[in-house]
1. Within the group L40, L26, which residue is surrounded by 10 or more Cβ atoms within 10 Å (Cβ to Cβ), among the aliphatic types (A, V, I, L, M) and under 22 Å from the mean Cα position of the chain (by Cα)?
2. Looking only at the range 5-15, count every residue that is in a helix (DSSP H, G or I) and open to solvent by 90 Å² or more (accessible area, probe 1.4 Å) and tell me the total.
3. Can you tell me which residue among S47, S58 is without any contact (Cβ under 8 Å) to a residue 12 or more places away in the chain, exposed (fewer than 10 other Cβ atoms within 10 Å of the Cβ) and either out of contact with any helix residue (DSSP H, G or I) (no Cβ under 6 Å at 6 or more places or on another chain) or of a type in the set (D, E, K, R) (or both)?
Amino acid sequence: METFRPNTYHTLEDIQTKKEELHAQLQSKGEQIAVIWEELFVPKKTSTKGEFVTSIISNSITAFDAFMLVRKIMKQYGSIFSRKKKRR
């Protein structure tokens with residue numbers, strides 16, 4: 001008895017059709033990711049001096065936090081990235 005599999009292909013045309021569908025899905029997902037990525041990293045315009053100062057402080061705190069995170073990771077796992085040869 002043969003079980004039903006939804007991804008069973010019987011001809012080369014079936015495979016080509018599925019390949020084209022998957023390519024179209026990947027293309028649309030890639031475009032969605034590109035739009036979201038652009039929205040994340042485009043700096044927003046500040047309208048007042050208060051918002052400008054607030055954004056500078058926020059960006060500074062984010063940069064400091066990222067620096068401290070990298071420092072902590074390198075301190076704990078730095079031996080993975082070092083090129084020193086081990087002594088026998």
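1. L26
2. Adding up the residues that qualify gives 2.
3. S47
The values are calculated or read from the model by the stated rules, or taken from the named source; none is laboratory data. Because the structure is a prediction, the values reported are computed rather than measured. Quick reminder, even Gly has a Cβ in these numbers, built from the backbone with ideal geometry, and neighbours come from all protein chains shown. Heavy atoms of the whole protein, side chains included, go into the accessibility calculation; ligands, DNA and RNA do not. Shrake-Rupley method; radii C 1.70, N 1.55, O 1.52, S 1.80 Å.
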